[in-house]
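What follows is a set of notes on a single structure, which appears directly below.
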Amino acid sequence: MKKNSPLKKNDLIKIDKFVELFKTKQHLYHTFATTLFTMFSEHSLLKPYIHSLKYRVKDPQHLRDKICMKFLEAHSKGKDFSLDEESLFKTITDLAGVRILHLHTEQIGEIDKALKHILDEQKFPIIEGPIANTWDVEYEDFYLSLGIEVSQRKSLYTSVHYLTKAGNDVIAEIQIRTLLEEVWGEVSHKINYPEETKSIACKEQIKVLARVTSSGTRLVDSIFKSYKEFERINKEAT
């Protein structure tokens, strides 16, 4: 957040308290994220569908920037932002996260089943999701056919999300993306986080990148469908 932020002094004091409170609990989020990471990477049900895994815990400065943006958004609408110390960890749900990267879209059905089984097995309840964040209407019917809720994102963000919770009420976010969706996500994050770029050229190029990576995902999906069909026909012929 910029030094000349229009936030009031009292707002900034509150925000600093929130960030300091998170720092006292940061180790709990790190423990939960690493637990999920290890659990997913080693489980036989999920292994066949994973290309790679990542985990992270939100940097305190990034948390500060995010809360500042929420205060500013509320003020711009003439509203108060009602976050308090008690609700902080329920309102900001991406303080810890695990990201599963896979190759093609159809794998999400098996990944969803495996995730639900593993989380139930380990007594980590799913408190929200799965929700497919997408801007591509052609994929909506596919997600809905799997019983996955769809949320349209004008930002062109694409990822399937779950929220899960540990016994100590620490919440973690699970994201599932194809490799090509990850390319767009990483580029957009660098340019638009914590504040969206003011560059019109960059905004337009990121839109183009979303369409290029979506086309790439379609091509990868088609390759695997063709390969599956070829294997079926070849098996029947022998």
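The values are calculated or read from the model by the stated rules, or taken from the named source; none is laboratory data. Keep in mind that this is a model prediction, so the values were computed, not measured. Please note: Cβ atoms are built from the backbone with ideal geometry, for glycine as well, and neighbour counts cover all protein chains shown.
Which of the residues that make up segment 119-145 are aliphatic (A, V, I, L, M) and buried (at least 16 other Cβ atoms within 10 Å of the Cβ)?
LEU119, ILE131, ALA132
Among (1) under 16 Å from THR178 (Cβ atoms); (2) in contact with a helix residue (DSSP H, G or I) (Cβ under 8 Å, 6 or more places away or on another chain), which single condition is ASN133 missing?
Checking ASN133 against (1) under 16 Å from THR178 (Cβ atoms); (2) in contact with a helix residue (DSSP H, G or I) (Cβ under 8 Å, 6 or more places away or on another chain), the one that fails is (2).
Search segment 172-190 for residues that are under 14 Å from HIS161 (Cα atoms) and at pLDDT below 95 and pair each with any residue that is among the small types (Gly, Ala, Ser) and surrounded by 23 or more Cβ atoms within 10 Å (Cβ to Cβ) when their beta-carbon atoms are under 9 Å apart and the residues are at least 6 apart or on different chains.
Here the result reads none, with nothing in segment 172-190 linked to a residue that is among the small types (Gly, Ala, Ser) and surrounded by 23 or more Cβ atoms within 10 Å (Cβ to Cβ).
Hey, can you tell me all the residues within segment 78-100 that are of a type in the set (Lys, Arg) and within 19 Å of the chain's Cα centre (by Cα)?
LYS90, ARG99
Applying the selection to segment 35-45, what residues are surrounded by fewer than 15 Cβ atoms within 10 Å (Cβ to Cβ), at pLDDT 95 or above and in a helix (DSSP H, G or I)?
THR38
Can you name the residue in segment 2-16 that is modelled with pLDDT of 80 or more and of a type in the set (A, V, I, L, M) and is also farthest from the chain's Cα centre (by Cα) among such residues?
By that ranking, first place goes to ILE13.
Hey, PHE32 hits all of (1) surrounded by 17 or more Cβ atoms within 10 Å (Cβ to Cβ); (2) in a loop (DSSP other than H, G, I, E, B) but one; which does it fall short on?
Looking at each condition in turn, PHE32 falls short on (2).
Residues being of a type in the set (A, V, I, L, M) and in contact with a helix residue (DSSP H, G or I) (Cβ under 8 Å, 6 or more places away or on another chain): count how many of those fall in segment 32-74.
The qualifying residues number 8.
For residues that are closer than 14 Å to LEU88 by Cβ, part of a helix (DSSP H, G or I) and under 16 Å from the mean Cα position of the chain (by Cα), scanning just segment 46-77, find the one that is modelled with the lowest pLDDT.
Checking each candidate, the answer is LYS66.
Which condition does LYS70 not pass, out of (1) within 25 Å of ALA166 (Cα to Cα); (2) surrounded by fewer than 17 Cβ atoms within 10 Å (Cβ to Cβ); (3) out of contact with any strand residue (DSSP E or B) (no Cβ under 8 Å at 6 or more places or on another chain), if it passes all the others?
The failed condition is (1).
Within segment 78-113, which residues are in contact with a helix residue (DSSP H, G or I) (Cβ under 6 Å, 6 or more places away or on another chain) and among the small types (Gly, Ala, Ser)?
ALA96, the sole residue that qualifies.
Confirm whether PRO48 is more than 26 Å from ILE15 (Cβ to Cβ), surrounded by fewer than 18 Cβ atoms within 10 Å (Cβ to Cβ) and out of contact with any Pro (no Cβ under 8 Å at 6 or more places or on another chain).
In short, yes.
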